Each structure stands twice: as C-alpha cells, then as structure tokens.
Amino acid sequence: MTPAAFEVFATLLKSRSGLVIGPDKLYLLETRLAALLRAHNLVDLEALALALRGGNATLAAAVVEAMTTNETFFFRDDKPFAHFRGQVLPQLAASRPAGAGLRFWSAAASTGQEAYSLAMIVAESQALLGGRRVEIVGTDIAREPLARARAGLYTQFEVQRGVPMTALVKHFRKEPEGWRIAEPLRAMASFREWNLLADLRPLGQFDTIFCRNVLIYFDQPTKTRVLEAIAERLAPDGVLYLGGAETILGLTERLVAAPGGHGVYRRANAGAASSPSATAPLGAIASAMKVISASAAAATDSRPVSSLRSGAAGAS
Ligand SMILES: C[S@@+](CC[C@H](N)C(=O)[O-])C[C@H]1O[C@@H](n2cnc3c(N)ncnc32)[C@H](O)[C@@H]1O
C-alpha cells in the first residue's frame, strides 16, 4: 500500500474513533478489512482508500467498526468486580438516601459482558441495596457488538470464560442457541451507540464507571480528553475503573487513585460534595426520575433514560 493510502486509514480512524495505528499495523488493516473488501467488491486497500477519499460515508463507518477490537469476557480481571461488590456497593448503599437510584456505566461495553457482570453483582446484592432502582448503561462505538449485548445471548464458550457455575444457573436461561441473560438483568441494562470522543454530557452522571481496555488504543492527548470528560460524568463520591494496562498518571489531575485497588480512581475534588444530587445536572436527575417511574410501570422495560433517547446523538 502507498503511504498516501495508509494515511487515509490512519487519519480516518484517529479522527472518528481515536484509534491510533502506525505503519507497523498494516497487517491489522489487511486482516480486519478483508471481509469489507469482499463485501464491496473492492480489489484491495488502495481501492478502498480511494473510495474513502471520495467521501463514502457508509464505507467510512464500516472501516471504523471493522477496526475496533471487541475482545471481552465476563468478570474480566476479577479484581475490579470484587472491589465493586465488596467496597463500592456497600459504600454507596450506606451513603445514599433510601430509595435513591444508582447508575453504572460500562463505557466501552462491546458485547455486554462487563455490563452484565455488574448486573449479576447487583442482583446478588439486593439485601444490601434494599430494592433501589439500578440502571446499567452500556455504550460503544461499534454497532454489531452492541446488538449482541442487547440480545444478551452468549455461547457456551463465552459463558465458560468467567461465569461461575452458580451464577450461570441463577442468571442465565438455556436456549437452543446458547445462554440468555435472565430478564431481570436485561431489564437493568440498556445499550447505546456512543462515541467516547463525542459530548458525553447527555449521558448524565454515574455512580460507577467502568472504562476498561479502550484508552490503550488512543494517543496521549485523546486519553486526557476522554478521561477528563469521563471524570465530569462521575458522581463526587463515584468510582472509575480502568483496565490493567491503563492509568491516569501523566494524563490528568482531575482524577486520583482511590484506596483499595489498582486501577480504581475517584474525582480529585471529591470532597466538595458528598451526594450526586449536589452536582448532578437537572436533566440527569429528571431522567433518573423518569426511569424510576417507567420501571414501576413496566418492570421489563429495558429502555434507557430519556436523556439517551436522542438516538445516536453521541454516535460518530
Ligand atoms: C477491548 S473492548 C473492551 C471491552 C470491555 N470494556 C472489557 O474491558 O472487556 C474495547 C471496546 O471499545 C470500543 N471503542 C473503541 N473506540 C471507541 C470510542 N471512540 N468510543 C466508544 N467505544 C469505543 C470498541 O468498539 C470495543 O468494543
């Protein structure tokens, strides 16, 4: 491939999704885009680059999606989930008024395993949470993985990667095609197409954010920008989890390491307020209230908060 053609891909990916690729990643372009070339009868990457230069928006979106790495599994890395179950949930349950809802965000949700791992923990913590309304929002830039997340249907191999047998029996239903997440957990979770480079404010505020194994693909300025936008979405006493190879060090001072775990962070100015209602945008509170009443009206309605009903407002 000519350097000019390579530059077309590198520029597109960096601007649309934050993904940085150097010339050493040429093989990635070749392997990940092979199916796309076939589907569009394009002879090679040069031809694809030419079509992109011509402004083909459908192809551009397809290239961005094909280049995402969607690897994930249930209870990935264990420790963040143990920390969430053992420290964060009890602390939130103790500090929030009875009846106040809780919102959790899986910010690069892929096929949904992270969001549903949280849902399983929430379901198993009902005694602690005292019937509070919990909303789990999963977002991602890639449509196909999100469609799988919404379906909540996993293969034997996928559930074997991380789901304990007791949890499998409790939280999944066996179907001919695989294992389906049980309805109460699906009702807790909703999935939206949302680009982390877009305006994150319409998503509202969250008590816990999992943003794991996505910053690694970004350059330093993009990591800083995304981390600072995420910090703004975090409740003053909320917690952010990053992936094992990710850190805030040298990137932002708006977050600080939280005690009790590697890769766990809080807002740097967390002392300023102690409850989310002190700083949550009115829209987020109104949205949360709507979710509470909607859930009372239809316990199986898994649609997201009204602030998210703007469709693909955050989509690239
Ligand atoms: C490796 S997966 C991580 C999944 C899960 N968080 C985990 O740790 O197991 C990375 C996900 O980030 C998504 N992603 C990449 N760039 C993104 C962006 N700019 N905005 C939102 N999601 C993005 C990809 O589509 C992919 O599903």
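The values are calculated or read from the model by the stated rules, or taken from the named source; none is laboratory data. Computed from a predicted model, the values in this text were never measured in an experiment. Every residue, glycine among them, receives a Cβ derived from its backbone with ideal geometry; neighbour counts consider all protein chains shown.
Summary of values
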read-out: Members of the range 90-119 that are of a type in the set (Gly, Ala, Ser), under 20 Å from Leu242 (Cα atoms) and either touching a Pro at 6+ places or on another chain (Cβ under 9 Å) or not in a helix (DSSP H, G or I) (or both); value: Ser106, Ala107, Ala108, Ala109, Ser110, Gly112, Ala119
read-out: Helices (runs of 4 or more DSSP H) contained entirely in the range 18-86, each with at least 1 residues that are hydroxyl-bearing (Ser, Thr, Tyr) and without any contact (Cβ under 8 Å) to a residue 24 or more places away in the chain; value: 26-32, 57-66
read-out: Members of the range 230-253 that are crowded, with 18+ Cβ neighbours inside 10 Å, outside any strand (DSSP E or B) and of a type outside the set (S, T, N, Q); value: Ile230, Ala231, Arg233, Gly243, Glu246, Ile248, Leu251
read-out: Residues satisfying the stated conditions in the range 105-119, i.e. touching a Cys at 6+ places or on another chain (Cβ under 9 Å) and more than 9 Å from the ligand (Cβ to nearest atom); value: Trp105
read-out: Complete set of residues in the range 120-152 that are of a type in the set (Gly, Ala, Ser) and either assigned to a loop (DSSP other than H, G, I, E, B) or more than 10 Å from the ligand (Cβ to nearest atom) (or both); value: Ala123, Ser125, Ala127, Gly130, Gly131, Ala142, Ala147, Ala151, Gly152
read-out: Boolean, Ser106 is surrounded by 19 or more Cβ atoms within 10 Å (Cβ to Cβ), within 22 Å of Leu19 (Cα to Cα) and either under 17 Å from the mean Cα position of the chain (by Cα) or in the same structural domain as Gly263 (by TED's automatic domain parsing) (or both); value: yes
read-out: Unmet requirement for Asn213, which otherwise passes all of (1) on the phi > 0 side of the Ramachandran plot; (2) among the polar types (S, T, N, Q); (3) surrounded by fewer than 17 Cβ atoms within 10 Å (Cβ to Cβ); value: (3)
read-out: Only one of Ala142, Ala100, Ala115 that is more than 22 Å from Ala229 (Cβ to Cβ) and of a type in the set (A, V, I, L, M); value: Ala100
read-out: Scope the range 153-180; condition out of contact with any strand residue (DSSP E or B) (no Cβ under 6 Å at 6 or more places or on another chain) and part of a helix (DSSP H, G or I); matching residues; value: Gln156, Phe157, Glu158, Gln160, Met165, Thr166, Ala167, Leu168, Val169, Lys170, His171
read-out: Number of positions in the range 24-47 that are over 15 Å from Tyr217 (Cα atoms) and touching a Phe, Trp or Tyr at 6+ places or on another chain (Cβ under 8 Å); value: 2
read-out: Residue list for the range 210-224, restricted to those being more than 11 Å from the ligand (Cβ to nearest atom) and touching a residue at least 24 places away in the same chain (Cβ under 8 Å); value: Asp219, Gln220, Lys223, Thr224
read-out: Members of the range 150-175 that are touching a helix residue (DSSP H, G or I) at 6+ places or on another chain (Cβ under 7 Å) and hydrophobic (A, V, I, L, M, F, W, C); value: Val159, Ala167, Leu168, Phe172
read-out: Among the residues listed as Phe206, Phe172, the single one being crowded, with 20+ Cβ neighbours inside 10 Å and farther than 27 Å from Ala94 by Cβ; value: Phe172
read-out: Restricting the range 231-258 to residues that are in contact (Cβ under 8 Å) with a residue 40 or more places away in the chain and among the small types (Gly, Ala, Ser), the residue that is farthest from the ligand (Cβ to nearest atom); value: Ala235
read-out: Among (1) farther than 30 Å from Gln91 by Cα; (2) outside any loop (DSSP other than H, G, I, E, B); (3) among the hydrophobic types (A, V, I, L, M, F, W, C) - the single one Ala198 does not satisfy; value: (2)
